[in-house]
Every structure is written in structure tokens, then in C-alpha cells.
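Have a look at the structure below, then the notes.
Derivation of every value follows stated rules applied to the coordinates shown; laboratory data play no part. Because the structure is predicted, anything quoted here is derived from the model rather than measured. Every residue, glycine as well, gets a Cβ built from its backbone with ideal geometry; the counts of neighbours run over all protein chains shown.
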Amino acid sequence: MEKQINFRLTRIGQYGIFLAFLGICIAMALTTPRFLTVSNLLIIGTQVSINALLAFGVTFVIISGGIDLSLGSMVAVAGVVAAMFAHPDTYPLVVPIVLGLLAGVGIGLFNGLVITKSKVPPFIVTLGTMTIGRGLALILSKGRPISNLSDSFNFIGGGSLFGLPFPIIILILAFVICSFILGKTILGRYIYAVGGNEDAALASGIPVKAVKLKVYALCGLLSALGGILLTSRITTGQPNAGAGFELDAIAAVIIGGTSTTGGTGTMTGTLIGALLIGVISNSLDLLNVTSYYQQVVMGSIIIGAVVLDGLGKKSS
């Protein structure tokens, strides 16, 4: 009987997030006719895109057994750097995009180097980087928003292609690429192995330090992409942008079923977790519920996801 209960708990932990997402969508469709309108669904997709990009990046990190609290700061730094070179009639569009992405990769590599060389816990290292990044964004922007961005740059976050907002297109492409890396490449297998048992991975010849450097660099790259999208969407480079974004991104990963101790998780689960957060936020707005309740709901869902994750481990 106990084995049957544990098995059921494991299955709930695997599929509960999808059922919860589906249930909320059905309930909202029955309650609020506006929910299933094309315009509202596109709004949800656009709002989710930035958080999902950050969540994809930190999924790599958490599966490898780490954590990254500097996501929001990387969003700010990348956005400010991109905005500095995105003024009209100055540089081609590729310049602010590449420089913004490089800024994120640089911070990610810094995180990875300090973690692998010093063996300081990732929580502490990335907490420090979060503060450093926020300071860098303020220094680069001189504490002021950077405006007057080119129309081509603003199209990235505000334009559409074939009726589909460009941020959603970027989200879909990022999901496909990240899923391929995690599920179909040697790096993906190494990430699971390092997160599952780092000592065993090292003994089997896996370059653990190189893997960690790559996952933090990937996290920085995707966070920077999210920062560029946000800057383009709000048409200004804000040094205070991205504050608290790391919490929503990590919440999406945990809600999506990625183990907090590493070794398990999928990009599909992370995407559903990000969509669930977006749907809940949108649903509360449509129902005219105060935003204060959203924090209570999110916190409850996170605790429930972690509890199910722990129960699933006990049963294995």
C-alpha cells in the first residue's frame, strides 16, 4: 500500500503542473469569455516571454546542481549596454544585440569561474554578482534611463511578424534550441550527470568545471536576451530593470518540476511553469483581484511543488 501511495505521489509530481495549468485555463474560459480571445492569449505570451527566457537559462543551472540569483541584474546590464548602442543613425542593429548578449555571457562566465575556482556556494557567489551587476548598470547609465532608441531596435520587443508578436517568436525559438541542447546533446547529458552526482561524474571523466562554466554562460546569454527584449519593449534602457525577475524565473523552474537538488528537469516543464505564472497573473487581472493575492498564490504553488518533489525523492 505504501509503495502504491509513493508511486502515485511521484506521478502527481510529474504531471500535476500540466493538470493544474489545464484546469486553470478551463476554469478561466468558463468564467471569463475574454480569456480565450486571441488578443488576450497574445498578451499572455508576450508577458511570459521574458520570464520564460530567464527560466530556460536557470533551468540549465539548477539541473546541474547550482543556482543563479543574478538574473535580474544581468537583465539590467544587458539592457543598458544594448541601449547605449541602439540610438538611431549610429550603429547597425546587430551591434547593440551582440554587445548586450556578450555582457550577459561575461557575467555568467564570471559566476562560473568564481564558483569552480573558489568552490564558494553558488548562492553566495551569485548573490554578490546580483549586487555588482546592479551597480554596473547604474554606472554605465549614470543612474538615468537611456532613451531615444532606434525603431529597428524597438521592433524586437514591440513588433510582430505574420500577426505574431516578435517576443513570442523568440520564445518559441529559444525553447526549441534549449530543449535540443538539454535533451539531444552531449552537454545536456553531462548537465544531468553533474547535477545527479558530481563526484561520480568527475570519476567517469566528465569535465565538471567546463560543464558548470557553460551552464552559467548559457544562463547569462538567455538573461541578456530577456534584457534586450525588455529594453526594446519599454523603449528605454533602465538601470533598475529586472528587479525581482530572478524570483519569478526560479519559481517557474521549480513549479515546472525541476528538482531543487539537481539531476532532473525539462525545458517543457519550465515552459509550462512560466505559462502557469503568466496565466494566474492574467486571470487575477481579468477577475479584478488585487495583485497582492498573486504573491500568496505563487508562494503556495512553489511550496506545493517543492513538497511534491521531496515526496517523489522519498519514494525513489
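Rounded to the nearest 0.05, what FRET efficiency is calculated for Gln294 and Ala203 with R0 set to 45 Å and r the Cβ-Cβ distance?
0.50
Calculate the dipole size of the stretch 2-315 relative to its Cα centre from +1 charges on Lys and Arg beta carbons and -1 charges on Asp and Glu beta carbons; express the result in debye to the nearest 20.
520
For the chain, return all DSSP H helices satisfying: extent of Cα atoms along own axis at least 18 Å; mean Kyte-Doolittle hydropathy at least 1.0.
Counting only whole DSSP H runs, the qualifying helices are 38-63, 71-84, 94-118, 122-141, 166-184, 208-234, 267-286.
Work from the charge dipole of the chain (Cβ charges, +1 for Lys and Arg, -1 for Asp and Glu, about the Cα centre) and give the residue of Ile115, Val58, Gly205 farthest towards its positive end.
Gly205
Which FRET efficiency value, to the nearest 0.05, is calculated for Phe162 and Ile124 with the Förster distance at 51 angstrom and r the Cβ-Cβ distance?
The calculated FRET efficiency here is 0.65.
Of the candidates Thr32, Thr126, Thr260, which one comes out as most mobile in a Gaussian network treatment of the chain with C-alpha springs shorter than 10 Å?
Highest fluctuation of the listed residues: Thr32.
Taking 7 Å along the Cα-to-C-beta vector as the label spot, tell me the Thr268-Thr131 distance in nanometres, rounded to one decimal.
Here the answer is 4.2 nm between the modelled labels.
For the peptides 93-102, 159-168, what is the packing order when you average, over each peptide's residues, the other Cβ atoms within 10 Å and list the highest mean first?
93-102, 159-168
Can you pull the one-decimal nm distance between simple spin-label points at Val307 and Asp285, each 7 Å off the Cα toward Cβ?
Computed distance between label sites Val307 and Asp285 equals 3.0 nm.
Do any of Lys119/Lys212; Lys184/Lys212; Lys117/Lys184; Lys119/Lys184; Lys184/Lys214 go past 23 Å between their Cα atoms, and which?
Beyond 23 Å: Lys117/Lys184; Lys119/Lys184.
For a label point 7 Å from the Cα of Leu173 along Cα→C-beta, name the residues of the stretch 202-234 whose backbone N is under 13 Å from it.
Zone members listed by number: 225-226, 229.
In a GNM of the chain with a 10 Å cut-off on Cα contacts, which of Ile67, Ile303, Ile272 has the highest mean-square fluctuation?
Ile303
Rank the residues Ile254, Ile139 as a footprinting-exposure proxy: fewest other Cβ atoms within 10 Å of their Cβ go first.
By the 10 Å Cβ count, ascending: Ile139, Ile254.
What does the extension gain come out to for Tyr91 and Leu138, with contour length at 0.36 nm per residue minus their alpha carbon separation?
Here the segment from Tyr91 to Leu138 would lengthen by 14.7 nm.
P(r) tail for the stretch 160-213, what percent of Cα pairs lie past 16 Å?
53
Taking the convex hull of the alpha carbon atoms in the stretch 128-201, what volume per residue do you get, in Å³?
About 149 Å³ per residue, rounded to a whole number.
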